[in-house]
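J.: Can you keep this structure in mind? I'll have questions shortly.
Please treat every number below as a calculation from the coordinates, not as lab data. Just so it is clear, the model here is predicted, and its values are computed rather than measured. Every residue, glycine as well, gets a Cβ built from its backbone with ideal geometry; the counts of neighbours run over all protein chains shown.
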Amino acid sequence: MQALLFLVNAVIGFFCTLLLLRFMMQMARVSFAGQLGDFVIKLTNWAVKPLRRIVPGVAGVDWASLIAALWLQLAQAGLLLALAPVELGADTVGTLLMILMLAVRGLIRLAIYIVIGAVLLQAVLSWVNPYSPLAPTVNQLSRPFLDPIRRFVPTISGIDLSPLVLILLLNVLLMFV
């Protein structure tokens, strides 16, 4: 049972990450022309295209990607609660609210981890291979989070400390979520 639960969590987590990454890339106006964008589009179209018939994009926001990610998180939270060894009680509304809360919390945590990963990758690529085909995509994705910090944290001897500050702040935020 543990192995099955692990596999289900891994698959749902993978697709939820891709759906949330697609949403975040569209919010940051990142081009989907590169390898990463093509990968994300091809692996998420199965959920996003049918949802777009029901949930249109509003003001340039792809709500279908976010709703698909939320549905996957709801399925995962429901599955975890269904397989939990504890008795939940007869309060259906309370159980549904708990599932919704777990799903939203999971999405927020996943979004924070995506930003941390993008910032780490951007920092590594800026030192190792700034002309990598992945660099423009990662820069566009991390820039909206790094630019406000760059206004307050100066570059010291050519070294940008804003990724370090952002990662520390995001880890503190994770403690509260």
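J.: Hey, what number do you get for the chain at 222 nm if only DSSP H runs of n ≥ 4 count, each worth -39500 (n - 2.57), divided across all residues, to the nearest 500?
T.: So the helix-based figure for the chain works out to -26500 deg cm²/dmol.
J.: Still on this model: So if I place +1 on the C-beta of Lys and Arg and -1 on the C-beta of Asp and Glu, and nothing else carries charge, what would the dipole magnitude of the chain be about its Cα centre? I want it in debye, nearest 20.
T.: Computed charge dipole of the chain: roughly 420 debye.
J.: Under a crude label model (7 Å from the Cα following the beta-carbon direction), how far is VAL153 from LEU43 in nanometres?
T.: Rounded to a tenth, the inter-label distance reads 2.8 nm.
J.: What is the packing order of peptides 123-132, 23-32, taking the mean over residues of other C-beta atoms within 10 Å and listing the highest first?
T.: Per-residue Cβ counts within 10 Å, averaged per peptide and sorted highest first, yield 23-32, 123-132.
J.: Any idea which of LEU81, ASN139, LEU18 is furthest toward the positive side of the dipole for the chain, if Lys and Arg beta-carbons carry +1 and Asp and Glu beta-carbons -1?
T.: ASN139
J.: Further, regarding this structure: What's the extension gain from VAL8 to ILE54 if we count 0.36 nm per residue and subtract their Cα-Cα distance?
T.: Here the segment from VAL8 to ILE54 would lengthen by 13.9 nm.
J.: Which number do you get for Rg(Cα) / (2.2 N^0.38 Å) in the chain?
T.: Ratio of Rg to 2.2 N^0.38 Å for the chain: 1.17.
J.: Using a cut-off of under 14 Å, list every residue of the range 92-131 whose amide N is near the label point 7 Å from the Cα of VAL172 along the Cα-to-beta-carbon line.
T.: Flagged as within label range: none.
J.: By count of other Cβ within 10 Å, fewest leading, how are ARG22, ARG109 ordered?
T.: Lowest to highest Cβ neighbour count: ARG109, ARG22.
J.: Between the range 68-136 and the range 1-57, what is the separation of their alpha carbon centroids in Å?
T.: About 12 Å separates the Cα centre of the range 68-136 from the one of the range 1-57.
J.: For the chain, list the DSSP H helices whose alpha carbon atoms reach 27 Å or more along the long axis and whose average Kyte-Doolittle value is -0.5 or above?
T.: Span-like helices, by this rule, are 2-27, 35-54, 63-82, 92-128.
J.: For the range 87-142, what does the equivalent ellipsoid look like in terms of its semi-axes, each the square root of 5 times an eigenvalue of the Cα gyration tensor, given largest first in whole Å?
T.: 41, 8, 6
J.: Right, another one. Relative contact order of the range 2-176: what whole-number percent is it, with Cα pairs under 8 angstrom and at least 6 residues apart?
T.: Rounded, it is 24 percent for the range 2-176.
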